[in-house]
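All remarks here apply to the structure that follows.
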Amino acid sequence: MSEVISIGEFIKPHGIHGELLLLLYNPLSDALNHDIELLIKENEGFRRLKVKRIRPANKGFLIKLYGVDSIEQAEKFKKIHIFIKKTDLILKDGEYLISDLIGLNCFNEKNKKLGAVSDIYSGETDIMEIKSGNGIYLVPMTENNVTLIDAKNFKICIKNEENYKI
């Protein structure tokens, strides 16, 4: 498991004084609503950004960084991915990071192992892809189908799997 997670990217400069438009990958996230350290990837590691101000905007957030005072300086950050430490992320009860679910073992109601989560496709209803020796299951992640997610014990329990085998 990685210690950092990408939460968005700087899309473009905003205005002439060096502000940047940050688009979050999850627009419903409240990751920027508390004092949080923003990081960018640099060489083999990460560099901390010194944030002067964050304010909401129509399509994301406008970020003002210390030392970035012109549109020319802000241009250097265009298309740069923004990361935070996973420990800084506040997840509500029942919320999980997709990266933490990949690889978990999936079982049906009879506790028969079906396979492991190989991918999750985000959408209005997220779809969990489970690969097994018997094929692939594409299971909508709803209360009707997913009865348990226990990331600590690497286990997900599902039902109705026969409806989703491809």
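The values are calculated or read from the model by the stated rules, or taken from the named source; none is laboratory data. The model shown is predicted, which means the values in this text are computed figures rather than measured ones. Every residue, glycine as well, gets a Cβ built from its backbone with ideal geometry; the counts of neighbours run over all protein chains shown.
I need a count of the residues in segment 135-155 that are of a type in the set (D, E, K, R) and under 18 Å from the mean Cα position of the chain (by Cα).
Number satisfying all stated conditions: 0.
Checking the condition without any contact (Cβ under 8 Å) to a residue 24 or more places away in the chain, of a type outside the set (Val, Ile, Thr) and within 30 Å of GLU124 (Cβ to Cβ), which residue from ARG55, ARG47 passes?
None of the other options fit; the residue is ARG55.
Given the conditions (1) more than 20 Å from ILE166 (Cβ to Cβ); (2) surrounded by fewer than 16 Cβ atoms within 10 Å (Cβ to Cβ); (3) among the basic types (Lys, Arg), and given that LYS64 satisfies all but one, which numbered condition is not satisfied?
Failing condition for LYS64: (2).
Is it true that ILE130 is without any contact (Cβ under 8 Å) to a residue 40 or more places away in the chain, touching a Phe, Trp or Tyr at 6+ places or on another chain (Cβ under 7 Å) and β-branched (Val, Ile, Thr)?
Criteria met by ILE130.
Counting only residues that are within 10 Å of PRO13 (Cα to Cα) and touching a Lys or Arg at 6+ places or on another chain (Cβ under 6 Å), how many does segment 65-84 have?
1
Considering only segment 67-90, state which residues are exposed (fewer than 15 other Cβ atoms within 10 Å of the Cβ) and among the small types (Gly, Ala, Ser).
Matches in segment 67-90: GLY67, SER70.
Within segment 58-66, is there a residue that is over 20 Å from the mean Cα position of the chain (by Cα) and of a type in the set (Gly, Ala, Ser)?
There is no residue in segment 58-66 that is over 20 Å from the mean Cα position of the chain (by Cα) and of a type in the set (Gly, Ala, Ser).
Suppose we filter ASP93, ASP126 for residues that are among the acidic types (Asp, Glu), surrounded by 14 or more Cβ atoms within 10 Å (Cβ to Cβ), under 22 Å from ALA31 (Cα atoms) and not assigned by TED's automatic domain parsing to the domain that holds GLY8; which single one remains?
Among ASP93, ASP126, only ASP126 is among the acidic types (Asp, Glu), surrounded by 14 or more Cβ atoms within 10 Å (Cβ to Cβ), under 22 Å from ALA31 (Cα atoms) and not assigned by TED's automatic domain parsing to the domain that holds GLY8.
Hand me the list of strands (runs of 3 or more DSSP E) wholly inside segment 1-57 holding 2 or more residues that are surrounded by 11 or more Cβ atoms within 10 Å (Cβ to Cβ), among the hydrophobic types (A, V, I, L, M, F, W, C) and in contact with a helix residue (DSSP H, G or I) (Cβ under 8 Å, 6 or more places away or on another chain).
Strands (runs of 3 or more DSSP E) meeting the threshold: 4-14, 19-24.
With (1) farther than 30 Å from GLU19 by Cβ; (2) more than 17 Å from the chain's Cα centre (by Cα) as the list, and LYS78 as the residue in question, which single condition is left unmet?
Status for LYS78: all satisfied but (1).
Within segment 96-112, is even one residue touching a Gly at 6+ places or on another chain (Cβ under 8 Å), surrounded by 13 or more Cβ atoms within 10 Å (Cβ to Cβ) and closer than 30 Å to ILE149 by Cβ?
Within segment 96-112, one or more residues are touching a Gly at 6+ places or on another chain (Cβ under 8 Å), surrounded by 13 or more Cβ atoms within 10 Å (Cβ to Cβ) and closer than 30 Å to ILE149 by Cβ.
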